[in-house]
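Here's the structure, in structure tokens; my notes come after.
The values are calculated or read from the model by the stated rules, or taken from the named source; none is laboratory data. Everything numeric in this text was worked out from a predicted model, so none of it was measured. With ideal geometry, Cβ positions are generated from the backbone for all residues, glycine too; neighbour counts draw on all protein chains shown.
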Amino acid sequence: MTLTDFFHDVGCQFQELFWTDAPPQLLEQEIDEVVRRLRPAAAILAAQQGVIRDARQRLGELEDRAAQLSTRIEVYLHVGDQPQAWSQALELDRVRQRITRAREQLQQFRRAHARQQARVDQLREELADLETAGYANS
């Protein structure tokens, strides 16, 4: 260690002890910590968006299936095929139950996404505040 390094280290320690604003090293550490927490939070948010998109698609497919079954039931009733109409009606009932569960699941996904979005927004705001403080100290 050279004499210059020694004085630099002592100066940094002095600065950390007596400086009223956040020292640049401490501020950088805080920024790094927020960025470290923000990355996985943003990745989770992106994954949740994919889950919601898939859930919407499944729900749409189920709703299409229900519409098809309703049409089939009407056709079978029109042609007088009661057993087939009954069979399709039972299937329609099962599909409607699946639609109800899919809607509930989609709502759960949306609530989880909203919570995660709030967390990401809070971390981004915290990062912006720290970066602003860093520029103010420069």
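For (1) more than 37 Å from the chain's Cα centre (by Cα); (2) closer than 26 Å to H113 by Cβ, each residue gets a yes or a no:
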| site | (1), (2) |
| --- | --- |
| D64 | no, yes |
| R72 | yes, no |
| D93 | no, no |
| R96 | no, yes |
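Say whether the condition of being free of Cβ contacts under 8 Å to residues at least 60 places away in the same chain, farther than 30 Å from Q25 by Cα and not polar (S, T, N, Q) is met by at least one residue in the stretch 115-124. Before you say what the answer is, go through the steps one by one.
Here is the first cut: in the stretch 115-124, the residues free of Cβ contacts under 8 Å to residues at least 60 places away in the same chain are 115, 118, 121-122.
Among the residues that remain, those that are also farther than 30 Å from Q25 by Cα are: 115.
Now restrict to residues that are not polar (S, T, N, Q): 115.
The answer is yes, given that some residue of the stretch 115-124 is free of Cβ contacts under 8 Å to residues at least 60 places away in the same chain, farther than 30 Å from Q25 by Cα and not polar (S, T, N, Q).
Okay, residues lined up against (1) within 14 Å of V120 (Cβ to Cβ); (2) out of contact with any helix residue (DSSP H, G or I) (no Cβ under 6 Å at 6 or more places or on another chain); (3) at pLDDT 95 or above; (4) not hydrophobic (A, V, I, L, M, F, W, C):
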{"position": "W19", "(1), (2), (3), (4)": "no, yes, no, no"}
{"position": "P24", "(1), (2), (3), (4)": "no, yes, no, yes"}
{"position": "L27", "(1), (2), (3), (4)": "no, no, no, no"}
{"position": "D32", "(1), (2), (3), (4)": "no, yes, no, yes"}
{"position": "V35", "(1), (2), (3), (4)": "yes, yes, no, no"}
{"position": "I44", "(1), (2), (3), (4)": "yes, no, yes, no"}
{"position": "Q49", "(1), (2), (3), (4)": "yes, yes, yes, yes"}
{"position": "I52", "(1), (2), (3), (4)": "no, no, yes, no"}
{"position": "R56", "(1), (2), (3), (4)": "no, yes, yes, yes"}
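Among L77, L90, L59, L127, which is more than 30 Å from V35 (Cα to Cα), of a type outside the set (S, T, N, Q), touching a residue at least 12 places away in the same chain (Cβ under 8 Å) and out of contact with any strand residue (DSSP E or B) (no Cβ under 9 Å at 6 or more places or on another chain)?
On the way: L77 fails: touching a residue at least 12 places away in the same chain (Cβ under 8 Å); L90 fails: touching a residue at least 12 places away in the same chain (Cβ under 8 Å); L127 fails: more than 30 Å from V35 (Cα to Cα).
Sole residue among the options that is more than 30 Å from V35 (Cα to Cα), of a type outside the set (S, T, N, Q), touching a residue at least 12 places away in the same chain (Cβ under 8 Å) and out of contact with any strand residue (DSSP E or B) (no Cβ under 9 Å at 6 or more places or on another chain): L59.
Of the numbered conditions (1) surrounded by 12 or more Cβ atoms within 10 Å (Cβ to Cβ); (2) free of Cβ contacts under 8 Å to residues at least 12 places away in the same chain, Q108 satisfies every one except a single condition; which is it?
(1)
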